[in-house]
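Taking it in order: structure first as structure tokens, then the write-up.
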Amino acid sequence: MPKKIYLFATSKSEHAVNIKSLDVRFLKPDIDFSKYDYLIITSKQTVKALEQYDKKEFIETPALCVSEKTAVAYEKFGGKILSVGDGYGDNLVKNIKEFPKDTKWLYLRAEMIASDFVKRSRDEGYDIEDKVLYVSECSKEILDVRVNDDSTLIFTSPSSIECFLKNNTIHPNAKVIVIGTTTAALLPKGVKYQISKNTSIESCIELALE
């Protein structure tokens with residue numbers, strides 16, 4: 001009998017028990033978009049948060065997106081794409097380095113972030129400001145869930161692991177799949193895991209079904 005697959009994410013899959021990992025609360029800080037040359041967008045939640053603003057204020061400002069999925073979401077929203085990263089926030093530094101240091105960037109982000117690419121870029125002299133557009137909090141679903149010891153667990157963000165571990169432990173018989181190295185770093189020491197080939201839920205599901 002195949003293991004039951006649990007997907008801890010904000011998206012869903014027909015092949016898994018879908019557990020929403022986070023509840024998102026959007027903020028609307030005052031932003032003068034005209035001050036910046038480019039935006040930095042690292043999640044689809046940021047795109048949703050931008051719906052609160054007048055599109056005319058920012059839609060002509062191209063965005064550096066962390067992944068293809070984020071870029072597609074921003075393009076559908078009507079935005080222009082400057083560049084697309086490889087799916088890892090930590091690696092955005094190399095994209096930023098392709099532009100002059102006096103380029104003015106605006107990073108639109110969550111309150112809690114796992115990557116330090118902004119600090120590393122600033123330390124090298126790049127001009128990056130940031131604004132918090134949303135706050136992510138553990139959902140009731142993930143706090144209340146109980147899983148079988150031999151289930152397959154798919155974690156799609158560091159926060160999904162943190163929230164799961166508040167009321168659960170990861171059993172040695174569980175098959176653990178993570179969407180990337182940043183997420184893997186939050187797993188408890190000694191937990192065996194596999195990293196999906198690509199930073200996408202589809203890739204995680206493919207690995208779970210093998």
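The values are calculated or read from the model by the stated rules, or taken from the named source; none is laboratory data. Computed from a prediction, not measured in an experiment: that's the story for all the values here. With ideal geometry, Cβ positions are generated from the backbone for all residues, glycine too; neighbour counts draw on all protein chains shown. Side chains are part of the model used for accessible areas, which takes the heavy atoms of the whole protein and leaves out ligands, DNA and RNA. Shrake-Rupley method; radii C 1.70, N 1.55, O 1.52, S 1.80 Å.
Values computed for the structure shown
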{"read-out": "Lysines whose Cα lies under 23 Å from that of residue 97, excluding same-chain neighbours fewer than 8 positions away", "value": "35, 69, 80, 119, 131"}
{"read-out": "Residue 37 versus residue 54: modelled label distance in nm, points set 7 Å from Cα along the beta carbon direction", "value": "2.6"}
{"read-out": "Mean Cα-pair separation over length for segment 111-210, i.e. relative contact order, pairs under 8 Å, 6 or more apart, %", "value": "23"}
{"read-out": "Kirkwood hydrodynamic radius of segment 74-193, from inverse mean 1/r over distinct Cα pairs, in Å", "value": "16.8"}
{"read-out": "Kirkwood hydrodynamic radius over Cα pairs of segment 161-210, then Stokes diffusion coefficient at 37 °C and 0.692 mPa s, in µm²/s", "value": "287"}
{"read-out": "Compactness index (Cα Rg / 2.2 N^0.38 Å), segment 41-142", "value": "1.07"}
{"read-out": "Cysteines having no other Cys beta carbon under 4.7 Å from their own, within the chain", "value": "65, 204"}
{"read-out": "Loop trypsin sites (Lys or Arg not before Pro), segment 113-194 (other Cβ atoms within 10 Å of the site Cβ: 10 or fewer; DSSP)", "value": "146, 189, 192"}
{"read-out": "Accessible surface of the chain, 1.4 Å probe, proportion on carbon and sulfur as whole %", "value": "48"}
{"read-out": "Whole-number accessible area per residue in Å² for the chain, which is evaluated in the context of all protein chains at 1.4 Å", "value": "53"}
{"read-out": "Geometric extent, Cα atoms of the chain - Rg, Dmax (angstrom)", "value": "18.0, 58"}
{"read-out": "Candidate aspartates and glutamates for bridging to residue 20, where Cα separation is under 17 Å - those fewer than 8 sequence places away on the same chain excluded", "value": "137, 141, 144, 162, 202"}
